[in-house]
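Data first, discussion second: the structure below is written as structure tokens.
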Amino acid sequence: MMMNLFSVFDPSSSVFMLSLNWISLGVGMMVIPIMFWLFPSRILVLGFMMFDFLKKELKVLLGVSYISGVSLIFVSMFLMILLNNVLGLMPYVFTSTSHLLVTLSLAFPLWISFLIFGWLNKMMMMFAHCVPLGTPWALMSFMVCIETVSNFIRPLTLSVRLSANMIAGHLLLSLVGMQGSVFGMIMFLLLFIGQTMLMLLESAVAIIQSYVFVVLGSLYLGEVY
């Protein structure tokens, strides 16, 4: 019995006294390798289409600073986040991307690596980013403080955006689903239709949030390269 609504996001909860929540992070490793397929499967074709789409998007976002091979990093991160977001929609599967520990583990190393690369290789450009073009002399010191703070909270905002969106959708699904035993048959059918629409919306959010995480990460890279 769920005593607290937020217990569905508690990684210490268990089933039959076994803590199985974090297994969802490694479920993708159990997929049959592509080398065992005699002909390309539909999933493989869909993966190639997704890779080409993201590669074109990254070229547009990075422009002349596009680095060969960087698309593999962002595509791999996109697939990992997407897989965990979709798995979290299944019953009795813990959504690992709704936990701040997981999202920070993805956002912080990405941000700190870009920051170190920028300060070691293009220090003057990093200083120039602290003062936007056209800033009056009287506001330069104030703008440096604002840009510095906004730069340091980037990994936090990137991780909170992903986890908060996943938590909000799952909470809404839990709240609507717990009302099924209260209403009659007609209201139950309406509730079922509404729950189905919410599930479709949450599936779209799972894809969009994976894409937003990757796009923002590529924008951070474009600023320092």
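Laboratory data are not the source of any read-out in this text; all were calculated from the coordinates shown. None of the values given here were measured: they were computed from a predicted structure.
What to note about this one:
- Pairs of Cα atoms farther than 20 Å apart, the range 41-224, %: 64
- Extension gain from Leu198 to Val212, taking 0.36 nm per residue of separation minus the Cα-Cα distance: 3.0 nm
- Our estimate of slack between Gln179 and Lys55, defined as 0.36 nm per intervening residue step minus the Cα-Cα distance, is 40.3 nm.
- Calculated from the alpha-carbon coordinates, the range 70-120 shows an Rg and a Dmax of 13.5, 47 Å respectively.
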